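Everything on this sheet refers to the single structure shown next.
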Amino acid sequence: MKTDDEMYQSLLSRWEDYKDNKRKNTTRIILVPAAVLGVCFAFWVTGNVNRILKTGDSDHSIVPAASSENKEKDTVDPETRKLKKAIDPEKATKDDIFYMMLNSVDYYDKVSGRFIHKSYRSEYYDEVVFQTCLSETSSYTDYRIYRNNVNEEKIIAGTAECESENARYCDGESFISVYPKDKTWEYINNEIIPLTKVVHVPDQDRITEKNGIVGYAYEIDPTNVMMSDVCLFPQEYAFGFLHDRSLWEVEQITNYQDRKCYVIKGTASESYGGQMNVSSFEFLVDTATGVLMRYDGYDENGKLRDFMHTDNIRFEEKAEEVTAIPDNITEEYSSVGDHIPADSYIETDENAIDYDALLEPYRTAFDEFNKSHGTTYGFMSDEQLEQHNMDKQQYLKEMADVYSKMSIKEFYDNLEKAYEADLKNSEMMNNNGGISNEKE
């Protein structure tokens, strides 16, 4: 059986699939291991800058980025923005490739394509079809989740039936999320991330060390594409796999989907690779943009455990135009939430809202689930909030923003599905099974 922390990481993964990091323009979901705090829970780190420091391989706890209130912010101006030009691939160093991946959104404006992702930590396959134009803050994502007798070949061939689907349309002013299977929609305007919200983090500040703890600074993602962090803006993969330059090599430069790509092969660190049961990995990285075109992670026996494969990736004038918000969609489908203006949280007296009361039904659902399943899921206590210097009202507000859009039945069903997935994954781990890409 998995530990509470491992089980909760899988649970949170499913919620992230459902809500795609709710309000990601101002917050980021962070996990603190139960081994460190003695209990399983999730919390949000908020701030007026988009930097979050994740600690390095020796520790999995999380520390917030240092405040930049007294520093001049290096923001992006879409009108004067000029794309960076990549260094000659034949002359590129490991540092050049590493930092280009961390800053990939600086090297392109328009991109379209598809990728399929499968994590060792989940029984689900993710398929993402996307189109985005950063300068226009416009994007389209069709995100589908598959499981049960499905493999990559069936998804590519279009013969697999998805379990859920979420189509998102952004035109810079409106951001709408559509659920075709349920024939529902909702406005998610608070999640629009224009280039003007991006605060540039200098390369020398991307990795810091304080009191023996290594921290990684992440820039906010302006692609407005779901799961873009595994492909279009692969900061975590760069930090996780390429931080230690001694663990990988550039094998060659090859052509892939009509793009020149670095072929990178390496050994995963025990702490980062261990999270995905990955001992060795291979990247195909676009030499002109730093976009991750393909990733394969293998266990110590050479079995494929983790992967992300792209197809039909096109940039700039070759990229597909961004699909517009469908006409009459809000009339043909039912609304799952009222339109929330982008500045509503500024104009609202947040202290007048009893967020604790709003969360009470979900707290009860947590308790019922824990009693019946022997788990320890729940919200942070006052002591834990104080320990991490977090404002209680802000924390409750962020939790209410996530859960209030979810019915109790839907909330409980998600807990049940996640728990079932954990049991199945635990069985797979015991059997030492790998990811199969063979046809059923």
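Points to keep in mind about this one:
- Residues within region 317-331 that are assigned to a helix (DSSP H, G or I), of a type outside the set (Ser, Thr, Tyr) and surrounded by 11 or more Cβ atoms within 10 Å (Cβ to Cβ), tallied: 2
- Scanning region 268-296 for residues that are in a strand (DSSP E or B) and open to solvent by less than 60 Å² (accessible area, probe 1.4 Å) yields a total of 11.
- If you go through region 167-219 and keep only what is without any contact (Cβ under 8 Å) to a residue 24 or more places away in the chain and among the polar types (S, T, N, Q), you end up with Ser177, Gln204, Asn211.
- Among residues of region 166-200 being of a type in the set (D, E, K, R) and within 23 Å of Glu79 (Cα to Cα), the one that is least open to solvent (accessible area, probe 1.4 Å) is Glu191.
- Residues in region 255-286 that are over 23 Å from the mean Cα position of the chain (by Cα) and closer than 20 Å to Lys318 by Cα: Asn255, Tyr256, Gln257, Asp258, Arg259, Lys260, Cys261.
- Scanning region 146-163 for residues being surrounded by fewer than 15 Cβ atoms within 10 Å (Cβ to Cβ) and hydroxyl-bearing (Ser, Thr, Tyr) gives a total of 1.
- Of the residues in region 305-316, none is in contact with a strand residue (DSSP E or B) (Cβ under 6 Å, 6 or more places away or on another chain), open to solvent by 10 Å² or more (accessible area, probe 1.4 Å) and in a loop (DSSP other than H, G, I, E, B).
- Residues of region 252-267 classified as closer than 18 Å to Ser280 by Cβ and surrounded by 13 or more Cβ atoms within 10 Å (Cβ to Cβ), total: 6
The values are calculated or read from the model by the stated rules, or taken from the named source; none is laboratory data. Fair warning: this is a prediction, and the values are worked out from it, not measured in the lab. No Cβ is skipped: glycine too gets one built from the backbone with ideal geometry, and neighbour counts run over all protein chains shown. For the accessible areas, the whole protein counts, side chains as well, though only heavy atoms, and no ligand, DNA or RNA atoms are used. Shrake-Rupley method; radii C 1.70, N 1.55, O 1.52, S 1.80 Å.
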